[in-house]
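Derivation of every value follows stated rules applied to the coordinates shown; laboratory data play no part. Computed from a predicted model, the values in this text were never measured in an experiment. In this analysis, Cβ positions are derived from the backbone assuming ideal geometry, glycine residues included, and neighbour counts consider all displayed protein chains.
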Amino acid sequence: MDAGLVGQIGRGLLVYLGVGREDNETDAVFIADKIINLRVFADSNDKMNLNVKDAAGQVLIVSNFTLFGDCRKGRRPGFDLAAQPDCAERLYEKVVELVKTEGLKVQKGVFAAYMDVTASNDGPVNFLLDSKKQF
C-alpha cells in the first residue's frame, strides 16, 4: 500500500454505506447481515448462490452520506435525510464491526473524508440495500 492508500481488497464487495437520520442499531444489524449473507457470487454453475464468505471474498466499506442526496426538487441535492455525523459514524462503525465478526477481511475508508475510490467492477453487478425496505 502506498502512503495515501487507506483500504484495499481483492475480490469481494465494495459497500458504499449511507446512514439516514432515522437509522438505528437495528438498521445496522440488518445491513451487516445483508452484506454477510447476500448470495451474489457465482457458484460452479454460474448461478448467484454464494455469499462473500463462501466465495472467500473481502469487504471494503466506505461511508457515503451523498447516498441520501435528494435530487427530486431543484438542481442541487438536499441532504436533510442523512444522519448527523456523530450518529452516522457510530452506525457505520457498528456495521464494520458486525461484518468483521464473521471472520471476513474488512477494510474501510476514512469517515467524512474526501476519498478517491477506484473499483474494478465484475459484471457490473450492483445492488441497493435499504433497511427500511422502501425498494
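Charge dipole of the chain (Cα centre as origin; +1 on each Lys and Arg Cβ, -1 on each Asp and Glu Cβ, all else neutral): 320 debye, rounded to the nearest 20. Across the chain, C-alpha contacts under 8 Å between residues 6 or more apart give a mean separation that, scaled by the residue count, equals a relative contact order of 32 percent. Residues whose amide H comes within less than 5 Å of that of Leu17, counting only those at least five positions distant or on another chain, are Val62, Ser63, Asn64 (H built at 1.01 Å from N in the peptide plane). Each of Val106, Leu50, Pro77 was placed along the dipole of region 20-108 (beta-carbon charges, centred on the mean Cα), and the one lying farthest toward the positive end is Pro77.
Model label points for Phe127 and Val110, set 7 angstrom from Cα along the Cα-to-Cβ axis, are 3.1 nm apart. The angle separating the long axis of helix 85-100 from the principal Cα axis of greatest extent in the chain is about 10 degrees.
Any idea how far apart Ser120 and Tyr16 come out in nm if each label point goes 7 Å out from Cα toward Cβ? Between Ser120 and Tyr16, the label points sit 2.1 nm apart.
Between the entries (1) 26, 17, 13; (2) 32, 13, 13; (3) 25, 18, 16, the label attached to semi-axes √(5λ) of the Cα gyration tensor in Å calculated for this structure is (3). Proximity of backbone amide H atoms, modeled 1.01 Å from N, is registered between Glu102 and no other residue at under 5 Å, excluding neighbours fewer than 5 places apart on the same chain. Residues in region 21-32 carry Karplus couplings, in order, of 5, 9, 6, 9, 4, 4, 5, 4, 5, 4, 5, 4 Hz; the curve used is 6.51 cos²θ - 1.76 cosθ + 1.60 with θ = phi - 60°, and Gly or Pro positions show x.
Anything over 25 Å Cα to Cα? Flag those among Lys94/Lys133; Lys47/Lys94; Lys73/Lys108; Lys53/Lys108, in the order listed. Spell out each step's value before the answer.
Working: Lys94/Lys133 20 Å; Lys47/Lys94 31 Å; Lys73/Lys108 32 Å; Lys53/Lys108 17 Å.
Checking Cα-Cα distances, Lys47/Lys94; Lys73/Lys108 exceed 25 Å.
Sequence-ordered 3J(HN,Hα) estimates for region 76-84 from the Karplus curve with 6.51, -1.76 and 1.60 and θ = phi - 60° stand at 10, x, x, 10, 4, 7, 6, 5, 5 Hz, glycine and proline given as x. Placing pseudo-labels 7 Å out from each Cα toward the beta carbon at Cys71 and Gln134 gives an inter-label distance of 1.5 nm. The residue list Val59, Gly4, Val15 was ranked by how far each Cα lies along the charge dipole of the chain toward its positive end, using unit charges on Cβ atoms, and Val15 comes out on top. Relative to the current alpha-carbon distance between Val40 and Asp54, full extension at 0.36 nm per residue lengthens the span by 4.0 nm.
Considering helices alone, the calculated mean residue ellipticity of the chain at 222 nm is -7000 deg cm²/dmol, with DSSP H runs of length four and up weighted by -39500 (n - 2.57) and normalised per residue. With loop membership from DSSP and a limit of 11 other Cβ atoms within 10 Å, the longest segment of the chain without trypsin sites (Lys or Arg not before Pro) is 76-131.
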